Structure formats: structure tokens, C-alpha cells
Amino acid sequence: MNARAHSPVPAQHTASYYAASSLPQPDHPALTGEQVADVCVVGGGFSGLNTAIELAQRGFSVVLLEARKIGWGASGRNGGQLIRGVGHGLDQFANVIGNDGVRQMKLMGLEAVEIVRQRVERFQIDCDLTWGYCDLANKPGDLEGFAEDAAELRSLGYRHETRLLQANEMHSVVGSERYVGGLIDMGSGHLHPLNLALGEAMVAQQLGVRLFEQSAVTRIDYGPQVRVHTAQGTVRANTLVLGCNAYLNDLNPHLSGKVLAAGSYIIATEPLSAEQAHALLPQNMAVCDQRVALDYYRLSADRRLLFGGACHYSGRDPQDIGAYMRPKMLEVFPHLAGVKIDYQWGGMIGIGANRLPQIGRLAEQPNVYYAQAYSGHGLNATHLAGKLLGEAISGQQGGGFDLFAKVPHMTFPGGKHLRSPLLALGMLWHRLKERF
Ligand SMILES: Cc1cc2nc3c(=O)[nH]c(=O)nc-3n(C[C@H](O)[C@H](O)[C@H](O)COP(=O)(O)OP(=O)(O)OC[C@H]3O[C@@H](n4cnc5c(N)ncnc54)[C@H](O)[C@@H]3O)c2cc1C
């Protein structure tokens, strides 16, 4: 494990473990005056960065506008779990995209991880990428689901090792009594997400993408050429990409109405001894349980336990994230009671009603593309979205983009102010059902 010297938390990033252990990052200028480009990308997270990279690799001139810092949003704060698959229950879309379409989507969910792998390897991005992941079963029914997942992976020709674990084998993966089984997947893993985003920003810049930070888009004039306005500048472009996910807000109410922003929270312990870390996660895998408000956790490269979970639909963060998350960690690992929490933070997950990433273009403005609503499983899917948007904008027809774009997505009822409380009620119902 390579412990990294901790730099002071950059003022503009959320004060997370990631910000404190990030690689040196150049400040990119704020947009002033007018820029002209083939494509303007809004949002400096994985969606925006990867779309920009894919487009620049295809010869497009690209301007990317980020309201704060590259990686400021969910991309720089997440659990760092790189897990196979996109969406949830893809068979439900067979009536729209056919069985072949469903199979292609499932294959794309596997490809999505490979895109991250290739990007990290090809551009030598220093982001602590580590292979190994395990789904944790909370109840016997979960294990049946894992067996089906494993069979499906085999039928898709998945080339990585997967292995079902029974209750008595769980200690080989996690030092807790809570779980009745698991599914190991050596083709999924974990990484330092902010450093991946910063590395990708560097790649984008080297490919000629013009990156601007502190450049919140305030208004968009739509038309055959879009004009994108920030406080001090404008971008004129033939094509616009919106990659703001849960942070889109009022910039495009049509798209933000299809995404519910839900808070998820992470604590990072102080660095643990090699023995302590080994006792928690002997194979250094990332893990997730199967509950509606799931626990997800892993070790960092400097042996902290990064323990994440919860899903707050109320729109309000807990007052003290550490006090809120610590009991959840202690339910899993009671013996960590004496361990200090060094960092605590949260971010917004963008949830869609059917949990399929929303990748498409606006019907009434066909030169405006978007990718959003990864429903808490976006590390891989954002990279796939970037590739699909790159292909679609460069005119490639009949590919994966068309499949995603065909699936309709519901607008949440209740408008901007009511949709989160309504969902909070719905989720409470699901949690009660789970408990009793
Ligand atoms: C706490 C947490 C844990 C998570 N854990 C995992 C995990 O372990 N594995 C996993 O696969 N997924 C995880 N996710 C989900 C994953 O992080 C997201 O799906 C993914 O990062 C979304 O990337 P994005 O680029 O679409 O959005 P973001 O990274 O949120 O980026 C959107 C950007 O748009 C910018 N923006 C917004 N409005 C404007 C504007 N008007 N002008 C300019 N810029 C603007 C924002 O500043 C922001 O930087 C987690 C998310 C959270 C919050």
C-alpha cells in the first residue's frame, strides 16, 4: 500500500479524505470573453470529462465548463467502488429495446468497467486502482439472487473470476458476523475517484480540451448553434452536452425533473495498522450489502476504512455526518469503537425512476445531449456514457447510444419542492417492509 503525503484541503473541494489526499491539481481559469468550439460540455465530473476525452480523440474542438472545481461533484467524493453493470433489472426494458437490446446493455455494463481500466492503464493515472469486489448477502434470499447473477455473467462470457460464498466462508472477505453469504467478482474493484477525475482532466487537456473552472453556466440560448453563458463569458458551439447529474438544478428543468437528488455519506477512519485492516477486509475488496439504504465500504491505499451509506431523500444533510454514520459502521465492526474518524462528507446521488442511466438527446433540441441519473452506480456508467455520447455526436448510428436513448424516463411528480419528500415517504415504506 502506498501511503501518500496529505496536502492541505483545497478550499473549493468538499473537505473529504479524497481532497486531502489528492494529487497536485492545476487551477483552470474561469471563462472570460467568448470561446467558439464544436462542442460545449457542461459539468466537470466523470460524465463531462469522459465525453470531452472521447470527442477530442475524434477530432472535435471542445470547451468544458465546471461551476466549481474539476471533480467537485459526486465524481470526486464517491465510495470509489468500481462495480460491473449498469441499471437494475434490465429485463424490464425488453418491450422497448427487445431481448437483443437488453443483452447488449448487459454487455455494455461489463464494458463500462473495462473503459475505466483502459483509461487508467493507457494514461497511467495514479488512482490506487485495486481489483476485487464482493456483494454481501443480508438474508438467504440475496444469495439466490447472487447465484442468478453469477449464472448470467457466465452466459455473457464474463472473463473475470466470480465465486459464490456461503456464510461460513464470509470471514475470508469481511471480518463481520452480519452476512450470510457473498458473491466475489474479481473484475470489479475500487479506486481513488478524485484522483481519477483529476487524471482524466489532465488527459482531456493534453488532447486539446479547453477546461474552465469556477464557470457556472447561468443561461443557455438554444438553437442550431447554442450560446452558453457564464457570469463573465460565453461559449458558442454547434453541440451542447449536459453532464451535471444531481447538481443540474434549474439549468434545464426538463432534465432535472427526471432525477432525484439524494444525499449519501462517507466517513474515513484514521489509518489502521496492517493487522487491523486485514481483520476487516482480508482481501482488500470493496463490498456492498443488499439493503435499500445500503452500507458500502472498503480500505483506502493508506489503510483507512472508508465506510459509506444511507440515502437521504429529504434534501437535508445530517447535522453531524460523523455522528450519523459511526453507529452504522459499529453495527458492522463493533471493535472499531475506539477508532478515530478523520474525515466525514457527503454528496448527491442522482436517482432515476427506473434506475437506468439516462443517456440521450433532447427531442426539441437535437443538438443537445445529456447523461445523468446513474442511481449511485456511476463510476463505470459515466465512462460508458462518455463513449456513447462521443460516438453519437460524431454521427455513429445504431450503437449503444440509440438503445439507451429509446428508453423513456418518467418525470418525478411533485415538482422541485415536493419530489424529494414524496420519495422519502416511499423509501421509508420500503425500509419498513425490509425490516418486518
Ligand atoms: C457519496 C457518494 C458515494 C457514491 N459511491 C459510488 C460508488 O462507490 N460507486 C459508483 O459507481 N458510484 C458511486 N456514486 C455515484 C457516482 O459518484 C456518480 O454517479 C458519478 O460521479 C456522476 O458523475 P457526473 O459527472 O455525472 O456528476 P458529478 O460528478 O456530480 O458532476 C457534475 C458536475 O456538474 C457541475 N455543474 C452543475 N451545474 C453546473 C452549471 N450550471 N455550470 C457548470 N457546471 C455545473 C457540478 O459542479 C459538478 O462538478 C456515489 C455518489 C455519492 C454522492
Would you be able to say whether some residue in region 369-378 is more than 21 Å from Gly79 (Cβ to Cβ) and either among the polar types (S, T, N, Q) or at pLDDT below 95 (or both)?
no
For region 86-104, give me each residue that is within 19 Å of the chain's Cα centre (by Cα) and more than 29 Å from Leu251 (Cα to Cα).
Gly89, Leu90
Among the residues in region 188-209, are any more than 23 Å from the chain's Cα centre (by Cα) and either touching a residue at least 12 places away in the same chain (Cβ under 8 Å) or in the same structural domain as Gly141 (by TED's automatic domain parsing) (or both)?
yes
For region 153-219, please list each of the strands (runs of 3 or more DSSP E) lying entirely inside it that holds at least 2 residues being touching a Phe, Trp or Tyr at 6+ places or on another chain (Cβ under 8 Å).
181-190
Residues that are in contact (Cβ under 8 Å) with a residue 24 or more places away in the chain, more than 16 Å from the ligand (Cβ to nearest atom) and farther than 25 Å from Arg303 by Cα: does region 80-91 have at least one?
yes
Just wondering, is there one or more residues in region 63-78 that are outside any helix (DSSP H, G or I), buried (at least 22 other Cβ atoms within 10 Å of the Cβ), of a type in the set (A, V, I, L, M) and not assigned by TED's automatic domain parsing to the domain that holds Arg227?
no
Ala262 vs. criteria in a strand (DSSP E or B) and of a type in the set (A, V, I, L, M, F, W, C):
yes
Determine which single condition Gln283 fails, assuming it passes every other condition in (1) at pLDDT 95 or above; (2) surrounded by fewer than 18 Cβ atoms within 10 Å (Cβ to Cβ); (3) within 15 Å of the ligand (Cβ to nearest atom).
(3)
Taking Gly109, is it of a type in the set (Gly, Ala, Ser), at negative phi and either within 13 Å of the ligand (Cβ to nearest atom) or surrounded by 15 or more Cβ atoms within 10 Å (Cβ to Cβ) (or both)?
yes
Using the structure shown, decide if Arg227 is in the same structural domain as Trp72 (by TED's automatic domain parsing), of a type outside the set (Phe, Trp, Tyr), closer than 19 Å to Cys244 by Cα and without any contact (Cβ under 8 Å) to a residue 12 or more places away in the chain.
yes
In region 299-338, anything among the small types (Gly, Ala, Ser) and touching a Gly at 6+ places or on another chain (Cβ under 6 Å) is listed as Gly308
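The values are calculated or read from the model by the stated rules, or taken from the named source; none is laboratory data. It should be emphasised that the depicted structure is a prediction, and the values quoted were computed from it without experimental measurement. Cβ sites come from the backbone with ideal geometry, for glycine too, and all protein chains shown count toward neighbours.
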